[in-house]
Amino acid sequence: MPLFLDDDQSMLLDSAREFIKSEGPVSHFREFRDKNCKDGFSHALWKQFAEMGFTGILVSEEDGGLGLGHVEAGIVLEQVGRNLTPSPFLTTAIAGVAALNHAGAELKGQYLPGILSGDTVLGLAIDEKSKHRPDQIAMAAERSGNGFKLTGKKQFVIHGASADMLIVAARTSGSEGNADGLTVFAVPKHAANMDVAPVRLVDSAVAAHVTFNGVDVNADSVIGEVDQGGAVLDVLLTAGRIGSAAEMVGVGGGAMDITVNYLKERKQFGQYIGEFQALQHRASHLYSEMEIARAAVLKAQQLLDEGSGNAPLYVHVAKAKAGRTANLAVREGVQMHGGVGMTDEYDIGLYMKRDRALNEFFGDANYHANKVAELHGY
Amino acid sequence: MPLFLDDDQSMLLDSAREFIKSEGPVSHFREFRDKNCKDGFSHALWKQFAEMGFTGILVSEEDGGLGLGHVEAGIVLEQVGRNLTPSPFLTTAIAGVAALNHAGAELKGQYLPGILSGDTVLGLAIDEKSKHRPDQIAMAAERSGNGFKLTGKKQFVIHGASADMLIVAARTSGSEGNADGLTVFAVPKHAANMDVAPVRLVDSAVAAHVTFNGVDVNADSVIGEVDQGGAVLDVLLTAGRIGSAAEMVGVGGGAMDITVNYLKERKQFGQYIGEFQALQHRASHLYSEMEIARAAVLKAQQLLDEGSGNAPLYVHVAKAKAGRTANLAVREGVQMHGGVGMTDEYDIGLYMKRDRALNEFFGDANYHANKVAELHGY
Amino acid sequence: MSDLEQFRTEIRSWLEENCPPEMREPVRGEDDMCWGGRNFEFKNEAQKLWLERCAAKGYTVPDWPKEYGGAGLSAAQAKIFRREMAKLGCRSPLSSFGIWMLGPALLKFGTEEQKIHYLGQIARGEIRWCQGYSEPGSGSDLVSLQTFGEEAYDEECGDHWIVNGQKVWTSYADKADWIFCLVRTDKQDKYRGISFLLFDMESPGVSTKPILLISGNSPFCETFFDDVQVPKDQIVGEVGRGWDVAKYLLGHEREMISGGGLGDGSRSLGAVMTGAIGLNGLGMLDDQLLRAELAQFDVDTLAFRAVSEQFMDEMKAGKGHPAQPNMMKYAGTELNKKRHELIMAAGGSDALEWESEASHGGKKPRDWLRTKANSIEGGTSEVMLNVISKRILELPGG
Amino acid sequence: MSDLEQFRTEIRSWLEENCPPEMREPVRGEDDMCWGGRNFEFKNEAQKLWLERCAAKGYTVPDWPKEYGGAGLSAAQAKIFRREMAKLGCRSPLSSFGIWMLGPALLKFGTEEQKIHYLGQIARGEIRWCQGYSEPGSGSDLVSLQTFGEEAYDEECGDHWIVNGQKVWTSYADKADWIFCLVRTDKQDKYRGISFLLFDMESPGVSTKPILLISGNSPFCETFFDDVQVPKDQIVGEVGRGWDVAKYLLGHEREMISGGGLGDGSRSLGAVMTGAIGLNGLGMLDDQLLRAELAQFDVDTLAFRAVSEQFMDEMKAGKGHPAQPNMMKYAGTELNKKRHELIMAAGGSDALEWESEASHGGKKPRDWLRTKANSIEGGTSEVMLNVISKRILELPGG
């Protein structure tokens, strides 16, 4: 398969670009930020995502979805990133669905229809520390009756307060650090003894700290197999990582484009600042890095959709490269904008905030570069 | 004490600059490189160094030296670096003398006069691996008779084949990794069962691989105390590290200056390449880094001469910063020279080679940055 | 004991006696500093007391002459004073653009009357100043200033200028009492046509509008002048030579901003992070790549601390290249931006919180975003690099 | 089984049968490659055999048309061919500026006679070509060429040019049989006045002088032309339009050089270093900061490998921005320089040895120094960045 979009994918790109640009542009982000709504995103737009079929991209056809892959998911996510569109798309339709695809018929029937119709939102309760350390999950799930009792804390649960269901990774056996012994649960909202505390983030998204004070869940709420949740967690994290990488390519690309346009408009010392060679070279270097990052992300998406053994390595590469590059794009973007880049009035600063959050989400560039080293045995 | 040279030091700088520029310029380096002589440096020039008093800078006045400090040593070393002057000055008069200052009267009497007169050259037999790992010295020194028997391998012994005496760090007790149990020996040239194999290095210096096949040394050849050689080794390495840092400031500064001059002379596309803003900004950034590196080195030298407890930290900072900065200077220098930078005819390439060797000597920038982290408890 | 040692012990004991404990805690951002001025609200009694005690001794501006409100300390004494303040963790009693920027310019270009009048007010923290340089459309390019002062006369205020125009990026203009302002007084001469005026922000015709920044704060304003009357004696330097004053003063601004590179006190950033990240089995920070970045950063910070010390010493001794402040400003601000990138990386998702109590109302992300202005305000990094290449490296063209 | 799968199995078995074991070992530098030409000395029988077998099947230039000595493979087939070669670790049978640079230009601009004559020689490795572009004083700036070709006629060689001048940076001019050369044929027109000529290096009046490089090698020459006669039919493209040919061809040169970024095959550089550096108690490379640099480098290398694959695929499909080779050349060469900086760092003092047997005559440092030319030859990184900003980002001015 050549490493560029095929005709169907190009068509999807065109419609996604058109749709998100008109329905979820940066002005839409500002609107929802400034009205300071509790969810931090538009439920109406979420329904439109569903009508466009986006929420079914990773859902199999027998389950009523499109049965497409990560390349297609990434096409939509890059546009989401480029427009800073606030949306549960990544958490719910990508990472969440990737996990639910490993669930039994009952759980699927419970949640997939709502996702396909744009009514349901999922939250991911994975991180327990300020840094992404999924191999150190300590939260306990003890057997009680024919189910389990969950005790512990989760944080950085995006849309956690708005979610109809939380996907929770907890330990049913073994001890912190063990690969086995993890189990993934689907915990419905308003579960008893579950405390959900929303916090506004730098990018105006709303995340939650979730405290489980002995939350009872029955055996049917297990996604995948008990003690074998590591596999489900991997699928979820992989989808989230490559998805957030694709979104960051959109954030970085959007930041680069508005900056290059600014270089063509803004005058100083009687000439366009885009005429200054020092800025030209930095912009060209940024372009080069963005092209490389975009290709790395597409490569990882293709390998995932092929089921290649190289996919895990390339997913780490893609998240690390996209992370560093998007960060470069927003830093150069703000600096090249000069003073106005510091103002809320201009958009470039919003890209910088969004990049920061996406870099942390599902592990930052250092985390993933470290994994690349580990996978290579050093 | 203000952080700049005082009047006496400024006078020393003037005379060192004059002397080395006229007696040991780059053409002098080329001459000795091309005649491919076995020592790789000029004994006549070494005598002149002595006549200038340079070889006595770190020798106490009662021992016939000038009793000056690392600031003064660095003044001379920066000029040595700037002119790429091949010389045993750093190994013999700085690191070697720093160690000998901890020796007994007999050893001092044996070697210091020759160093003061420019007749004697010392080699430092410390490294046993390709990377600088003085905390992992494994070479064995076993008691035999009233002395010791040395068995093991050393490498990267600069001037090892020309040296009248080798300062050798070996283990008299404890095991690899222990701080205690090291002893430092003065081993005269032509010692029995010692095999010295010279190799030419990238910067045309001559280093030796030295193999000790049971070399007998008597108890009088111990510098400092048996099993307490770690202290002597520290003093030697500290002097070598700050000294090589000072020399690298000279190498980087020299590379920067010839490059900036080239930017003012060379024309392309009908203008001086120094008019291109992209090159201007890179040159200005390099200038900034060089100023910072030079200040860090001077600070470390002053702290050493004051006997401050912060000296060890700042020596690591100085070697790390000078290393990265000199490396930046030669890389930018070659690139900004363009094609001619690749030719042996131009000097910039010689600076690149010298920088590579100096960066490795006494530990590279990564080694020392790592030490900075360790000293801060992370 | 040498005189300086004598001095050191005196200062030490004075500080120990007079600096309140609250004033020895690290500053928590610009809101936590003492800025002085007519309308300043002291955070607490200690802050007020500390200012008064220092002002009484001239310690708000230790190296200014006594007659202008300083303590008249020598270079060596001033250095000892700063060292002792740092050792005890004493806060600066007064943060002020008057001290950092206008003061040095008045000392060099002001008349004796101006020095006594204005410097005294500054030293005592009575008047808070803001700077009026940048205008819309002229960020780094100060010679294209449009704000115009027309000569006029009337009974009430005699010879004066009538100033009309607009400034941007005037720091805390909404909180400042007076402004020092670059105004074009001659439309013909691009460089010579600019004068350096001082006037009261309460003058009729002055209005300000805060600019909302990405950090969520508004430390800067747009400032509008509508027929503002400025008496002729409220000028620093000669008419039409304001550019000389501004350039001299920019140097001081650049020094000040470059200070950011030093971060908060002497602690290693890497050491600070061990709490947030934890150590691995070998006692190393449990994030190998972040550890490497931090080690590199600590090297750069300690090295920068050295060049800062050298820069100060050389200035005091009248050595050093006159354009060196540009290098210091460039290196210091880039380093400070890097510092806050690393703080955010180490802080992880906790450091993303924007309003929560646990995050002190998003202190980390807001501080981080604030630092992005360091390499823009007071001359962008790009302008600094231009100046270095022209004035220090003497590269051709441009 | 699809046709392509069918093709894959055929190629695989052909390679397994025909590629000698010696030709499946990694290449040890440029001296170890097969360059072909009149005077080429094969390193061993296997190298000769491998060239002959591939040439017979057209596999030295698999995607050239059969009639010009290629195998006439489709884009998809050619990609499979390269993949299978890589899987078995087969060396390229023939390294040649004829294949990389002149060939593509002839395919686009050459006459049918030229294609049949010259491309066949290239494909069979009979003629080794060198490139005559740069001149003293015109490194990146090709329009300032001075070498002049004057029109002339004589019985013996009919209409011809008499070429006088000097070139520098002609790769292996001392080993090459023919040169493709930019010559000014019209002194008036700066751009239109340049023609793209081909001639035999054994022609009377051609002399070469190797340039000693910092690597100690001399892959480049100064080349002098003293009344060299070049028949009129030895021109590619129209008279005075050599610039079009050169620009098109530079694109291919840039692709070629960008390949360096990929390093030797698919191994992780970090993994390679574990031998030299060793692992610590946690199984991590026992040099934390080097490990971090290597991890970062491996990320960059794998990411660059992806963009290279994409670039090739887009080219074959006629997609992609025409100026993209400039980006590839820039990124690839900078990455390759970084690779060798890291190899030197990991090599420590062993990697400093310049002549010793243990160091294979200083292979590491000489290779390292050689890579410094990557970002200069075939258009400097600075020129690449200029082109990107003009042609891709469409930034103004310059």
Please sort B:31-41, B:361-371 by packing, taking for each peptide the average over its residues of neighbouring beta carbons within 10 angstrom, highest first.
B:361-371, B:31-41
Using 5 Å bins from zero, what percent of all Cα-Cα pairs in the range D:309-360 falls into each bin?
5, 17, 16, 14, 11, 9, 9, 9, 8, 3
Counting helices only, and only those DSSP H runs with n ≥ 4, report the 222 nm mean residue ellipticity of chain D as the sum of -39,500 (n - 2.57) divided by its residues, in deg cm²/dmol to the nearest 500.
-12000 deg cm²/dmol
Where Rh denotes the Kirkwood radius from the mean inverse Cα pair distance, what is Rg over Rh for chain D?
0.98
List the residues whose amide H sits under 5 Å from the amide H of A:T120, counting only those 5 or more places along or on another chain, with H placed 1.01 Å from N in the peptide plane.
A:I115
Charge context of A:L13, other residues only, Cβ under 13 angstrom, K/R +1, D/E -1:
-3
Of the GluC sites (Glu not before Pro) in the range D:41-96, which ones lie in a loop per DSSP and count no more than 12 other C-beta atoms within 10 Å?
D:E41
State the Cα centre-to-centre distance between the range A:342-378 and the range A:165-199 in whole Å.
25
Can you give the average number of partner chain beta-carbon atoms within 10 Å of each beta-carbon in peptide C:96-103, as a whole number?
0
How would you order B:278-288, A:45-55 from highest to lowest mean count of nearby Cβ atoms within 10 Å?
B:278-288, A:45-55
What percent does the relative contact order of the range B:268-333 come to when contacts are Cα pairs within less than 8 Å and at least six residues apart?
32
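For the range D:138-208, which chymotrypsin sites (Phe, Trp or Tyr not before Pro) are in a loop by DSSP, counting at most 13 other Cβ atoms within 10 Å?
D:Y191
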When all Cα-Cα pair distances of the protein assembly as shown are considered, the percent exceeding 52 Å is 39
Going by the rotation axis that takes chain C to chain D, pick out the residue of C with the closest C-beta and quote the gap in whole Å.
C:A292, 2
Which values of log₁₀ I(q)/I(0), to two decimal places, follow from the Debye formula for the range B:8-130 at q = 0.09, 0.23 Å⁻¹ with a uniform point scatterer at every Cα?
-0.24, -1.38
Let me know the shape class of the range D:275-342, please: from the alpha-carbon gyration tensor, a ≥ b ≥ c as square roots of the eigenvalues, rounded when a/c is under 1.5, otherwise prolate if a/b is greater than b/c, or oblate.
prolate
Hey, for D:Q146 with labels 7 Å out along Cα-Cβ, what do the inter-copy distances come to in nm, ordered shortest first?
5.2
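What net charge do the residues around B:V187 carry, taking every other residue with its C-beta under 13 Å from that of B:V187, with Lys and Arg at +1 and Asp and Glu at -1?
Residues near B:V187 contribute -1 overall.
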Can you tell me the 0 to 90 degree angle between the C-alpha axis of helix C:288-316 and the longest principal axis of chain C, rounded to 10?
40
Determine the shielding of peptide A:202-210 by partner chains: average, over its residues, the number of Cβ atoms on other chains within 10 angstrom of each Cβ.
3
Using the alpha-carbon centroid of each, what span in Å lies between the range D:345-383 and the range B:240-293?
22
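Given the range D:48-190, what percent of its DSSP beta bridges are antiparallel, to the nearest 5?
60
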Shielding by other protein chains, C:315-326, mean Cβ within 10 Å
1
Ordering of A:170-180, C:228-238 by packing [mean C-beta count within 10 Å, highest first]:
C:228-238, A:170-180
Debye-sum result for the range D:153-286 in log10 I(q)/I(0), which assumes one identical scatterer on each alpha carbon, at q = 0.10, 0.11, 0.12, 0.15 Å⁻¹:
-0.50, -0.57, -0.63, -0.85
Decide, for the range A:80-135, between rounded, prolate and oblate: order the square roots of the alpha carbon gyration tensor eigenvalues as a ≥ b ≥ c, take rounded if a/c falls under 1.5, and otherwise choose prolate if a/b is larger than b/c, else oblate.
oblate
Shortest first and in nm to one decimal, what separations exist between B:L375 and its copies in the other chains, measuring from label points 7 Å along the Cα-to-beta-carbon line?
3.8
FRET efficiency, D:E155 to D:L212 (Cβ-Cβ, R0 41 Å, nearest 0.05)
0.45
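How do C:E222, A:E332 rank when sorted from fewest to most other Cβ atoms within 10 Å of their own Cβ?
Numbers: C:E222 17, A:E332 21.
Least crowded to most crowded, the residues run C:E222, A:E332.
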List, shortest first and in nm to one decimal, how far the label point of D:K319 (7 Å from Cα along Cα→Cβ) is from its counterparts in the other copies.
6.2
Report the trypsin sites (Lys or Arg not before Pro) located in the range D:279-355 that are in a DSSP loop and have at most 16 other Cβ atoms inside 10 Å of their Cβ, or state none.
D:K319
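What's the long-distance tail for chain B, i.e. % of Cα pairs beyond 35 Å?
23
None of the figures in this text is laboratory data; all of them are computed from the coordinates on show. Please read these numbers as outputs of a predicted model, since none were measured by experiment. Here Cβ is always computed from backbone atoms with ideal geometry, including for glycine, and neighbour counts include all displayed protein chains.
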